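The values are calculated or read from the model by the stated rules, or taken from the named source; none is laboratory data. Keep in mind that what you see is a predicted model, and the values were worked out from it rather than measured. Ideal geometry is used to build each Cβ from the backbone, glycine not excepted, and the neighbour counts take in all protein chains shown. Heads up: the accessible areas ignore ligands, DNA and RNA and are worked out on the full protein's heavy atoms, side chains in. Shrake-Rupley method; radii C 1.70, N 1.55, O 1.52, S 1.80 Å.
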Amino acid sequence: MRRTGASIGMVYLPPPGESAMRLAVLSGVSLEFAAPWTRIAPDDPVPLADAVADGRLVWIADREAMARRYPRPGLVLPYPFSLAASPLAAGGTTWGGLVLLWPGGHAPRLARVEEDAVHEGCDRMTGILARAAGEGRPVLPGRQPRMVRPARRTPGPVEAAAAVEFVHRLPGGSCALDLNGRVTFVTEEAADLLGIDAEDLAGALPWEALPWMDNPAVEDRYRAAVISRRTTSFTTLRPPDHWLRFELHPDATGISVRITPAGPDRRAPGEGAAREEAEHAAQSALPSRATSLYHLMHLAASLTEAAGVRDVVDQAADQITPALGVHALAVLTAEDGRLRVAGHRGYADAVARFDSAPLASDTPAARVLVTGAPMFYGSREELAGDFPAAVVLGSPGAAWAFLPLVASGRPVGSLVLGYDRPRDFHPGERAILISLAGLLAQALDRARLYDSKHELARRLQAGLLPHTLPHVPGLEVAARYLPAGHGTGVGGDFYDLIRLGGTTAAATIGDVQGHNVEAAALMGQVRAAVHASAGAPPGEVLARTNRLLTDLDPGLFTSCLYAHIDLKHHRALLATAGHPPPLVRHPDGRAEALDLPPGLLLGIDPAADYPTAGVTLPIGTVLALFTDGLVEAPGVDMDRATAELAGQLAWSGGGDASLDDLADTLIGHAQGSAPRHDDIALLLLRTVAPL
């Protein structure tokens, strides 16, 4: 750190038996700042993980580069700094990693002397670690990182007294903070300005000891000083009417703070004071950086739960607009060489003009997607200067940010943010916006994959279930299928109606274990097997299907119910393979579950036997075949739920009620009674007088 001028240093070492690395040595900041990165896994999206994986030094020139390449750490630390990460490795063995940070304003590249110092330091540390391991005493990370402070000469009594007198002679008040932000020294003048006894302030965090300083912007200024090592300042109100100005001067040991009265009556006249007042007023009109970070952190958490593209766009719009004062937002994706509007908030007519624009078009949204470089325009005139033919959205004084959405090094779209008044995009705000775009791009990429899988699942399910059910004279039919609502959206529940002759038909329903493509594929095979054997006695149909599944050995079990319906003699024969028995509503209004002899699930024992039972079906009888998703729910007794469903069938299935309406009623009753986590299939059959 001394040789390179780095302000912060971190050394990581791998614990025994782990691929991740832990923070072992820390210098220049408190552990609180490094807490999010005390453990670095190989696939973490941070510079050190890439440096170790690639075996090279990774250089991040500034906060915009950090936000663009590593959105998550860029979002947490949107302050001016540069960073280098390097592995501690030799002979194919990685012994650890080194991270160095420099204050804001570092040159875009490491100087040769700095780069040489980094490599030489890494080589020295690697040699020490390798020798120690070879001697059977490996250097391991402790339970907490070792804190290292720069050596500094301790002054004698006379010099210390002179230093204190020097401080007291300065105008205003002075205090000192350690790297944790706690007050280590405070003058009486500073305590008077703050309105608190010096004894009550010593050892405390200012924003905890002084309630009126409990402001995210105050803590944000402190963090900015620690990370950037730049002098920062802010003005705040000590109630009721005392304006105070704070200047923070950081170094590797802490922060020196100067406190002076502020406000219109205490400012020196002249251009400098006027400019400072205007800048303070402009900043006060914007959300503080800490407030913005709160909203954006909430956005990051929300995006992890967003499923489809629509969810991602809605979550982004809901969080970004209040956090950053955005007036309009549009998310565009790249499809078939053109921009497509995935979603927007505000300026609907104007945003629509982006839709279907070629990626080669000379528009800012297309430009940032192709180049990967963000563009910021503080006014309509600035945008028109670069894109004279562009459609400028919003009022004449609008400002715009055009950000590429890049996931895994691949452009997936553009984010357009519009403001209803001119705006200066200061570096900190640009870093936040770039980090935001990175988070949004990753979520959007996942969402598009989810939507694709969901659409594929929907088509697969639709292809495996019957498109239409056959017309059978003397039989009215209605069917419903609802996916579980999780996973791929495709499952193994199925139903079918097979016309066997003029007065005979077969009805079947079943449930393959699982909610995935494998379950759906097996469901298709079971349906085909039942079709092939339909017309045989129900027990034989299930036995043949069982032998087929046992030979296939799919590793999934299947329940199935098969009914042979003889409309001429008003009778049905049924057999079940571990499937819930159907409900029957008699013409007199009674409804009950049929009592069927049990049979083993399909695919377990090739010699299993499936006994048959019969039921009469006079005109007006309703037979309800269903899968267990209709009655099964967490914490709900299945027998009780089945009895409640039978009661609903008895109450709703009489008179001239439509069978489709009855199906909707039964599905609605099941969904309203308890949350469902399984697919639902329902097949209703009602005997009617043939025309």
| task | Would you check if there is a residue in segment 621-631 being at pLDDT below 90, surrounded by fewer than 14 Cβ atoms within 10 Å (Cβ to Cβ) and under 22 Å from Phe494 (Cα atoms)? | result | no
Across segment 15-51, the tally of residues that are open to solvent by less than 40 Å² (accessible area, probe 1.4 Å) and of a type outside the set (S, T, N, Q) stands at 17
From the option list Val368, Val392, Val351, single residue qualifying as among the β-branched types (Val, Ile, Thr), surrounded by 16 or more Cβ atoms within 10 Å (Cβ to Cβ), modelled with pLDDT of 85 or more and in contact with a Leu (Cβ under 9 Å, 6 or more places away or on another chain) is Val368
(message) Checking the structure you have, find out if any residue of segment 213-221 is open to solvent by 20 Å² or more (accessible area, probe 1.4 Å), modelled with pLDDT of 85 or more and not β-branched (Val, Ile, Thr).
(response) no
Flagged pairs (Cβ under 6 angstrom, 6 or more apart or on separate chains; first in segment 227-249, without any contact (Cβ under 8 Å) to a residue 60 or more places away in the chain; second among the β-branched types (Val, Ile, Thr) and open to solvent by 60 Å² or more (accessible area, probe 1.4 Å)) are His249/Thr231
Among strands (runs of 3 or more DSSP E) completely within segment 485-582, the ones holding 1 or more residues that are among the basic types (Lys, Arg) and either modelled with pLDDT of 95 or more or open to solvent by 20 Å² or more (accessible area, probe 1.4 Å) (or both) are 493-499, 571-577
Of the residues in segment 99-122, those that are within 12 Å of Trp59 (Cα to Cα) and among the basic types (Lys, Arg) number 1
Query raised in the report: Does Ser533 satisfy being touching a His at 6+ places or on another chain (Cβ under 6 Å) and of a type in the set (S, T, N, Q)?
Result: no
Among the residues of segment 88-115, the number that are assigned to a loop (DSSP other than H, G, I, E, B) and touching a Lys or Arg at 6+ places or on another chain (Cβ under 9 Å) is 2
Considering residues that are assigned to a helix (DSSP H, G or I), of a type in the set (D, E, K, R), modelled with pLDDT of 90 or more and open to solvent by 70 Å² or more (accessible area, probe 1.4 Å), the number found within segment 116-161 is 4
Taking first residues from segment 353-366 that are charged (D, E, K, R) and second residues anywhere that are assigned to a loop (DSSP other than H, G, I, E, B), the pairs with Cβ under 8 Å that are 6 or more apart or on different chains are Arg353/Val391; Asp362/Phe387; Asp362/Ala389; Asp362/Ala390
Selection over segment 594-635 where residues are among the polar types (S, T, N, Q) and closer than 20 Å to Tyr481 by Cβ yields a count of 1
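Table: residues versus (1) part of a helix (DSSP H, G or I); (2) within 26 Å of Thr468 (Cβ to Cβ); (3) at pLDDT 90 or above; (4) in contact with a helix residue (DSSP H, G or I) (Cβ under 7 Å, 6 or more places away or on another chain).
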site: Val636; (1), (2), (3), (4): no, no, no, no
site: Ala646; (1), (2), (3), (4): yes, no, yes, no
site: Asp678; (1), (2), (3), (4): no, yes, no, yes
site: Leu691; (1), (2), (3), (4): no, yes, no, no
Of Val29, Val52, the only residue that is out of contact with any Phe, Trp or Tyr (no Cβ under 6 Å at 6 or more places or on another chain), of a type outside the set (S, T, N, Q) and within 30 Å of Arg182 (Cα to Cα) is Val29
With criteria (1) open to solvent by 50 Å² or more (accessible area, probe 1.4 Å); (2) in a loop (DSSP other than H, G, I, E, B); (3) closer than 30 Å to Thr260 by Cβ, Val164 comes up short on (2)
By residue number, the members of segment 632-658 that are of a type in the set (Val, Ile, Thr) and open to solvent by less than 30 Å² (accessible area, probe 1.4 Å) are Thr642
Residue pairs qualifying under the 6 Å Cβ cut-off, at least six apart or on distinct chains, with the first in segment 27-43 being at pLDDT 80 or above and the second being among the charged types (D, E, K, R), are Arg39/Arg22
Going through (1) within 17 Å of Ala328 (Cα to Cα); (2) crowded, with 18+ Cβ neighbours inside 10 Å; (3) modelled with pLDDT of 80 or more one by one, Arg421 fails only at (2)
Of the candidates Glu189, Glu247, the one satisfying the condition of being open to solvent by 50 Å² or more (accessible area, probe 1.4 Å) and farther than 26 Å from Ala34 by Cα is Glu189
**Residue in segment 255-278 that is farther than 28 Å from Phe33 by Cα, of a type in the set (D, E, K, R) and either open to solvent by less than 50 Å² (accessible area, probe 1.4 Å) or modelled with pLDDT of 85 or more (or both) present** = no
On the given criteria, is Val326 of a type in the set (Val, Ile, Thr), touching a Pro at 6+ places or on another chain (Cβ under 6 Å) and either open to solvent by less than 70 Å² (accessible area, probe 1.4 Å) or modelled with pLDDT of 85 or more (or both)? no
